[in-house]
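Here's the structure, in structure tokens; my notes come after.
The values are calculated or read from the model by the stated rules, or taken from the named source; none is laboratory data. Nothing here was measured: the structure is a model prediction, and the numbers come from that model. Here Cβ is always computed from backbone atoms with ideal geometry, including for glycine, and neighbour counts include all displayed protein chains. Areas reflect the complete protein model, heavy atoms only, side chains present, ligands, DNA and RNA absent. Shrake-Rupley method; radii C 1.70, N 1.55, O 1.52, S 1.80 Å.
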Amino acid sequence: MLLSIKDLEIERDDKVLFSPVSFDLNSGDIIKIAGENGSGKSSLLRAILGFLTISDGTILYRGGSTNRAYNQFLKETLYIGHNTGVKDNLSVSENLYLLNGSVPKKEFSTVVDMLQLQEHMDVLCRFLSEGQKKRVALASLWLRECTLWILDEPFVSLDNVAQALIQNAILKQVAKGGAVVLTTHQPLAIPNYKEVFLS
Amino acid sequence: MTYSSIFLSEWYLTFRRKQDIANSILFFLVVIVLFPIGVSASPSFLASASVGIIWCAASLASMLALDGIFKEDLRDGSIDQWRMNGLMVSIIVLGKVLIRWGAFILPLLVLIPFCGVALSLPEDLMFETIVSLLVGTPTLFLLAAIGASITASLRNSAVLMTLIVMPLYLPVLIFSTGYVKASELGVSGIGQLAILAAIFLIVLLISPFFCAISLKASAE
């Protein structure tokens with residue numbers, strides 16, 4: 001088992017965000033976290049990563065607590081949140097290098113072509129649209145090798161073509177034996193995903 | 001993300017956003033120019049006050065140079081990504097502060113001889129003034145980084161940052177001007193310089209960790 005969440009609770013300003021959540025994630029699983037706006041979807045993802053203190057419950061990664069093998073856990077995990085780490089004052093190619101510094105630069109070109117960013121490689125990201133910035137951040141999905149993907153609203157501000165690309169990438173990731181946790185408000189065109197509803 | 005990719009990007013960003021450094025250098029110059037006009041322009045008064053004026057201006061300017069150094073990283077999610085890649089936030093903080101210090105001290109060193117002439121700084125004290133700035137300003141930057149990291153999530157942070165950082169600046173100010181004053185009196189100021197270097201080493205050890213703790217807390 002890759003990830004096991006048991007009775008997880010998060011408090012913000014002395015208010016419990018959602019009733020206790022439990023789910024198991026095996027390799028090959030896709031879990032969609034659903035819930036209304038403000039129900040704590042993003043907070044749940046950040047709590048799994050250890051960026052947010054949890055008030056109750058346990059998170060186990062590969063059977064051990066995430067505290068113990070924390071760095072290992074983070075290295076095997078790819079997290080793309082609302083704020084993606086894309087710098088406005090760096091060009092697309094500089095941002096790709098910043099976010100994927102461990103990847104040889106020659107591997108960038110196929111992904112850049114696929115995401116249709118090749119004409120904007122030397123443009124500063126502040127001159128790009130939201131969707132294009134999101135593509136720059138999502139390039140990591142193809143460039144980096146991570147077992148667990150944690151994606152917060154990956155489809156927001158993307159067009160249909162890009163959304164289909166992401167869904168394909170997710171299918172490939174689970175076919176390889178990885179696992180994906182994502183939040184989204186739209187129906188997924190992916191078979192066999194589990195849904196966790198926050199209330 | 002790797003340390004080298006982050007530091008290279010930071011290098012680009014520092015030179016792409018020149019206004020941060022330019023503002024603080026300009027501020028430094030304005031203080032230097034206004035002081036003699038406001039107090040007294042007589043060379044005998046300025047000669048004894050010049051080191052103090054230069055140091056006060058430099059410490060205020062250093063605070064201005066670091067205000068907002070972590071704001072963008074907090075807003076655009078960079079801090080999360082540093083941690084996701086298993087990198088130590090404290091090392092990245094140290095790298096960022098040193099890059100910013102490099103971009104600040106180089107134009108300052110070019111300006112100091114001119115400021116010295118404008119403030120009737122005795123010629124034989126020029127070397128000591130520059131040495132004191134080279135040893136003292138990294139400490140100021142590391143201290144200001146603590147203030148900047150605590151106030152990173154605030155919109156208007158300048159006043160709070162000044163209140164947090166100013167008391168910490170006092171020892172640096174005292175020993176650096178003390179070093180130059182000692183040379184002026186003809187005694188060796190090496191003791192003051194050693195204390196200044198010792199303060200730097202202590203701050204070098206603790207500041208990045210304080211910054212990392214408060215940046216992680218701000219990112220929650």
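Quick one: what pairs do we get from the range A:97-113, first residue more than 14 Å from every other protein chain (Cβ to nearest Cβ), second open to solvent by 50 Å² or more (accessible area, probe 1.4 Å), C-beta under 9 Å, 6+ apart or different chains?
Taking only residues 6 or more apart or on different chains, the pairs are A:107/A:142; A:109/A:118; A:110/A:142; A:111/A:142; A:112/A:118.
Residues that are assigned to a helix (DSSP H, G or I), open to solvent by 20 Å² or more (accessible area, probe 1.4 Å), over 26 Å from residue A:188 (Cα atoms) and not assigned by TED's automatic domain parsing to the domain that holds residue A:126: does the range A:51-67 have at least one?
No, the range A:51-67 contains no residue that is assigned to a helix (DSSP H, G or I), open to solvent by 20 Å² or more (accessible area, probe 1.4 Å), over 26 Å from residue A:188 (Cα atoms) and not assigned by TED's automatic domain parsing to the domain that holds residue A:126.
Only one of B:212, B:198 is surrounded by fewer than 15 Cβ atoms within 10 Å (Cβ to Cβ) and assigned to a helix (DSSP H, G or I). Can you tell me which?
Exactly one residue qualifies, and that residue is B:198.
Return only the number of the condition from (1) β-branched (Val, Ile, Thr); (2) open to solvent by less than 20 Å² (accessible area, probe 1.4 Å); (3) within 14 Å of chain A (Cβ to nearest Cβ) that residue B:2 does not satisfy.
Every condition holds for residue B:2 apart from (2).
Restricting to the range A:70-83, name every residue that is within 8 Å of another protein chain (Cβ to nearest Cβ), surrounded by 17 or more Cβ atoms within 10 Å (Cβ to Cβ) and more than 13 Å from residue A:51 (Cβ to Cβ).
Once the filter is applied, which keeps residues that are within 8 Å of another protein chain (Cβ to nearest Cβ), surrounded by 17 or more Cβ atoms within 10 Å (Cβ to Cβ) and more than 13 Å from residue A:51 (Cβ to Cβ), the range A:70-83 yields only A:78.
Given the conditions (1) within 14 Å of chain B (Cβ to nearest Cβ); (2) open to solvent by less than 30 Å² (accessible area, probe 1.4 Å), and given that residue A:25 satisfies all but one, which numbered condition is not satisfied?
(1)
Just checking, which of A:45, A:98 is in the same structural domain as residue A:166 (by TED's automatic domain parsing), within 19 Å of residue A:141 (Cβ to Cβ) and open to solvent by less than 30 Å² (accessible area, probe 1.4 Å)?
None of the others qualify; the one that does is A:45.
Yes or no: the range B:115-124 includes at least one residue that is under 20 Å from residue B:181 (Cα atoms), β-branched (Val, Ile, Thr) and surrounded by fewer than 19 Cβ atoms within 10 Å (Cβ to Cβ).
There is at least one residue in the range B:115-124 that is under 20 Å from residue B:181 (Cα atoms), β-branched (Val, Ile, Thr) and surrounded by fewer than 19 Cβ atoms within 10 Å (Cβ to Cβ).
Quick one: residue A:18 ticks every box in (1) outside any strand (DSSP E or B); (2) free of Cβ contacts under 8 Å to residues at least 24 places away in the same chain; (3) away from chain B (no Cβ under 14 Å) except a single one, so which number is it?
Answer for residue A:18: the failing condition is (2).
How many residues does the range A:84-95 hold that are over 26 Å from residue A:42 (Cβ atoms) and crowded, with 21+ Cβ neighbours inside 10 Å?
So the count comes out to 1.
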